[in-house]
C-alpha cells in the first residue's frame, strides 16, 4: 500500500533483488520494469482521491499472483497526517533493501 497526495508529482524508483518484475498501475498509465542491479524510475500525478490497484505484470515466479499494488491517493492534509503517523509506526522498521525479501521501492513527492 502506497499513500500519496493528490495533485502532486510522485517519483517512483524500482529495482529488484531476484528476477525481473514489472510494476504496473493502469489507472496512472504506469508500467515499469524492476530489474536486478538496475534502478529505473518514472513519475505520475494523481488527479483525484481514491484507491487505485495494479499488479506485477511480468511472470516472475511462484509468487507472481501475490504481488498486488494498491495506491491510496489522499488530500494534502490527510497525507501530512499519514506521514506523522508513519514516522512513529515505522521508526524501527528494517528497510526493504536490507531484507532482500522484495523489490525495493522508493517514493518522493515533488512540488
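The values are calculated or read from the model by the stated rules, or taken from the named source; none is laboratory data. Given the structure is predicted, the values throughout are model-derived calculations rather than measurements. A quick note on method: Cβ atoms are made from the backbone with ideal geometry, for glycine too, and the neighbour counts reach across all protein chains shown.
So the values come out like this:
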item	result
Filter result (surrounded by 12 or more Cβ atoms within 10 Å (Cβ to Cβ), within 22 Å of residue 32 (Cα to Cα) and more than 14 Å from the chain's Cα centre (by Cα)) within the stretch 62-88	64
Hits in the stretch 38-88 (condition: touching a residue at least 12 places away in the same chain (Cβ under 8 Å) and part of a loop (DSSP other than H, G, I, E, B))	38, 39, 46, 47, 48, 49, 57, 58, 60, 61, 67, 75
Residue check, residue 34 surrounded by 18 or more Cβ atoms within 10 Å (Cβ to Cβ), touching a residue at least 40 places away in the same chain (Cβ under 8 Å), within 30 Å of residue 75 (Cα to Cα) and in contact with a helix residue (DSSP H, G or I) (Cβ under 8 Å, 6 or more places away or on another chain)	no
Test result for residue 49, modelled with pLDDT of 95 or more and either buried (at least 16 other Cβ atoms within 10 Å of the Cβ) or closer than 21 Å to residue 74 by Cα (or both)	yes
Filter pass, residue 58 being under 27 Å from residue 21 (Cα atoms) and in contact with a helix residue (DSSP H, G or I) (Cβ under 9 Å, 6 or more places away or on another chain)	yes
